[in-house]
Amino acid sequence: MIVKTGYWRRGLRLAGALLGIGISGCSAMPFGGVSAPQASAKAPPPMVQNCGIVSIGSPSNYACDGKVYTAFQLAKLRQDWEKSHGG
Amino acid sequence: MVDLCCPDTCFSKLDKEKDMKTTISKLRSLLLVLATGLLVIGLAGNLPAQDSADSMPMLRLYINPKTKVVYSEPGPGRRLLSEIPMSTVNSSEVLRKTEAQLKENQQQISELQQKNEHLEASNFDLNKQMAEIKPAWRDYINNFQDKFRVGALFYADYRFYTHAGFQPQELTQLTNLGPGNNNYNSFDITRTYLNFFFFPTPDWTLRITPNMYKTIGSSNDKVGASTGFGSNLDGDLGVRIKYANIQYSALWDKLGVSALQGGKVLIGEIANPLVGWEEDLYNYRYVNLTPWNYLSLSSTQVGIGFEGPIKPFADEKTYADYSFGVYDNSSFHAFEQTDTKQGMARVSIYPFGSTWRFQGLGLTGFYNYGYGNTAPDSAQAVTALKGPDAHITRIAALLHYTAEQWGVAGEFDYGNNAFSAANLFSGSGPSDEFGTASGTQYGPKTAKTFYGNSCSSSALCYNPYSGFGAQTGAWNALLNNGQSRQIGMDIFGHYHIPDTAFTLFGMFQWFQPNDKVNPDPLDFQRFIAGLSYQYNEYLRFAVDSQNVLFYHNQQAESVPWLEQFNYVPGSKLNSILLPKTGTIPFLVPRDTHSIFANVEFAY
């Protein structure tokens, strides 16, 4: 039977504190550049299905987040994003 | 103007250049041989003879292998090149021949030098021309791609009518079979724009848009005494020009009116102020027509128009936008017959400012005043009622709110003589409306009185209980009397289902074709409800239900009651007598119900 003593508890707390410091310290370390996982964390571009239709024509225009895009611009943004994410 | 050489000319010049290089190469070889020969002969003629070991006079020549220079004496770095017995050399004869050869060679050299100079000059010109040609091509291509654009718009559908009937067309040139043809279904193409835009300068644009349309009607040809050709027009997919106009966009910039910048002047076959604008507000033109377009107002007019936003403040928001113009009274696909013109104007006000077109709360007013497309000599003829020659008024007042994820609009419509029988039956109508009597006519061998007319085999009478002849006479009286007044109310909108590519949409229209007729058997309600799927930036699909409800109970009206309007008892329609007395039954048309699957491609 293990009897927890004050010394044992203090040791556990110290180990936890060191672990926390270590983790937080590592996470705060800057990376050398933008890695692929970081790029994938970027928000996707506006998708046409989430935009309001401004006009249908050649080209069609859509309002996304308060900004107006042509269908060509939205398609390029989507395709670029899909390419950068292995799509 | 840049000189562009044709392939033949270019090859000729390249050949010349090649000849010139060959000539230069030959010239160099000749000079080398000549120099060597001269050296040999010169040495032979001028140097003293050198004796060989056995006292025979010999000419010894030495060469420096590095410099390739021939010497007559030995020296450092020189090697014996050759020993020539002097007895083999007749100096005077050799000299004479050499001098002659030298003169000939000098002459050749001179000629070659001249030729070379000429070729060099020619080559310089050629290089200069080639240098000019390449940029010219690049410039031409760059100009073309920057100042020309092609787009396309395509609408197609499949439709199935659970209940077929007479009605206005749901989409352009879309016709359906009438009552008695339930389960009628069809695949259709209703729009194939090819949009050509030319931008020769930043402020001028030329637009040309051919569009497919379904031809209706046929006329067979008789050729010669006994030959005939069948028509290939009926139902054929023809092409006509939907838009052909020039646009000037720098008027307000040049006048220095900054609040109106972005405005355009349009001349030619142009979109009218209401229909195209409202189609974009509604978003689902590929499914069904907007209210006034459904009733009678064409989307395109021939004339001159002005349109643009009004941005009075520095916040760049649009507080109003306008469109107005003067146009032919005829539609864009008809011959203009009138000596008058029609005017149209629309103003949309966004009291809180709009960051993009339609965004936020908007109030819109539209006014149109024109005349029926009738030639002056016919329009001025004295008649009891003006009928189709009367003036036409269309008014629309809209209250609308648009967000990125949803939109809703309410509309009030008012008109005079703006909904004729031809409009009511633009999608499907009784054959009596278009020149052929329907049903079985009453025509006994011996004349008998029938609905007040004396009817016989030579004077046929419409039977109100067979076909639609008598009804067509009554419907035309109610609609085409020159004093009709239209009242309508509409509501339409859409809602995007979050995190999906689906949007719910719908439209409801209530319309009184002539509110002076009470009750009017032609009053109707129309509603469309559907689900749209946005596949990508260019492609949308929809499934929807489209319905027209002639909502009054079936009614019959007496001839005296119909006379209040434009009904002439005992008159003829398609050479057949209309009832003179009695009552015409079944004046309320049947409802129509249909399911549509639509597709839109816009690029």
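The values are calculated or read from the model by the stated rules, or taken from the named source; none is laboratory data. Please read these numbers as outputs of a predicted model, since none were measured by experiment. Glycine gets a Cβ as well: all are built from the backbone with ideal geometry, and neighbour counts include every protein chain shown. Heavy atoms of the whole protein, side chains included, go into the accessibility calculation; ligands, DNA and RNA do not. Shrake-Rupley method; radii C 1.70, N 1.55, O 1.52, S 1.80 Å.
A few comments on the model shown:
- Close Cβ contacts (under 9 Å, 6 or more residues apart or on different chains) running from residues in the stretch B:481-501 that are free of Cβ contacts under 8 Å to residues at least 60 places away in the same chain to residues that are open to solvent by less than 30 Å² (accessible area, probe 1.4 Å) and of a type in the set (Gly, Ala, Ser) comprise B:ALA501/B:SER532.
- Test: residue in the stretch B:373-384 that is surrounded by 19 or more Cβ atoms within 10 Å (Cβ to Cβ), away from chain A (no Cβ under 14 Å) and outside any loop (DSSP other than H, G, I, E, B): yes
- Identity of the residue in the stretch B:489-501, at the interface with another protein chain (Cβ under 8 Å from one of its Cβ atoms) and surrounded by fewer than 20 Cβ atoms within 10 Å (Cβ to Cβ), that ends up farthest from the chain's Cα centre (by Cα): B:THR500
- Among the candidates B:ALA396, B:ALA409, B:ALA418, B:ALA390, the residue that is open to solvent by less than 30 Å² (accessible area, probe 1.4 Å) and within 14 Å of chain A (Cβ to nearest Cβ) is uniquely B:ALA409.
- Whenever a residue of the stretch B:245-264 is within 14 Å of B:ILE304 (Cα to Cα), its partners that are in a helix (DSSP H, G or I), lying with C-beta atoms within less than 8 angstrom and at least six residues away or across chains, give the pairs B:GLY263/B:LEU251; B:GLY263/B:TRP252; B:LYS264/B:LEU251.
- Any pair with Cβ under 6 angstrom, 6 or more apart, that starts in the stretch A:67-81 at a residue that is more than 8 Å from chain B (Cβ to nearest Cβ) and ends at one that is of a type outside the set (Asp, Glu): A:TYR69/A:TYR62; A:THR70/A:PRO59; A:THR70/A:ASN61; A:LEU77/A:PRO45; A:TRP81/A:PRO44; A:TRP81/A:PRO45
- The listed residue being open to solvent by 40 Å² or more (accessible area, probe 1.4 Å), touching a Cys at 6+ places or on another chain (Cβ under 9 Å) and either within 14 Å of chain A (Cβ to nearest Cβ) or without any contact (Cβ under 8 Å) to a residue 60 or more places away in the chain (or both), out of B:TYR442, B:TYR367: B:TYR442
- Residues of the stretch B:522-548 classified as open to solvent by 40 Å² or more (accessible area, probe 1.4 Å) and either assigned to a loop (DSSP other than H, G, I, E, B) or closer than 22 Å to B:TYR161 by Cα (or both), total: 8
- Qualifying residue in the stretch B:310-329 (condition: open to solvent by less than 20 Å² (accessible area, probe 1.4 Å), of a type in the set (A, V, I, L, M, F, W, C) and away from every other protein chain (no Cβ under 14 Å)): yes
- In this entry, B:GLY276 is excluded by the filter for residues that are more than 14 Å from every other protein chain (Cβ to nearest Cβ) and open to solvent by 10 Å² or more (accessible area, probe 1.4 Å).
- Each residue in the stretch B:550-573 was checked for being under 30 Å from B:MET507 (Cα atoms) and open to solvent by 40 Å² or more (accessible area, probe 1.4 Å), and 4 of them qualify.
- Enumeration of residues in the stretch B:109-157 that are surrounded by fewer than 11 Cβ atoms within 10 Å (Cβ to Cβ) and not in a helix (DSSP H, G or I): B:VAL150
- Pairs with Cβ under 7 Å, 6+ apart, first in the stretch A:46-58 and at the interface with chain B (Cβ under 7 Å from one of its Cβ atoms) and under 13 Å from B:LEU539 (Cβ atoms), second of a type in the set (Asp, Glu) and crowded, with 21+ Cβ neighbours inside 10 Å: A:VAL48/B:GLU537
- If you check B:THR215, B:THR209, B:THR227 for being open to solvent by less than 50 Å² (accessible area, probe 1.4 Å) and more than 30 Å from B:GLY308 (Cβ to Cβ), only one passes: B:THR215.
- Considering only residues in the stretch B:553-585 that are in a loop (DSSP other than H, G, I, E, B) and of a type in the set (Ser, Thr, Tyr), the one that is farthest from the chain's Cα centre (by Cα) turns out to be B:THR581.
- Taking the stretch B:398-496 as the region of interest, the strands (runs of 3 or more DSSP E) fully inside it that hold 2 or more residues being of a type in the set (S, T, N, Q) are B:453-455.
- Look at (1) surrounded by fewer than 19 Cβ atoms within 10 Å (Cβ to Cβ); (2) under 30 Å from B:SER458 (Cα atoms) and you find that B:ILE576 fails only one, number (1).
- For B:TYR155: the one exception among (1) more than 14 Å from every other protein chain (Cβ to nearest Cβ); (2) closer than 30 Å to B:ASN181 by Cα; (3) not basic (Lys, Arg): (1)
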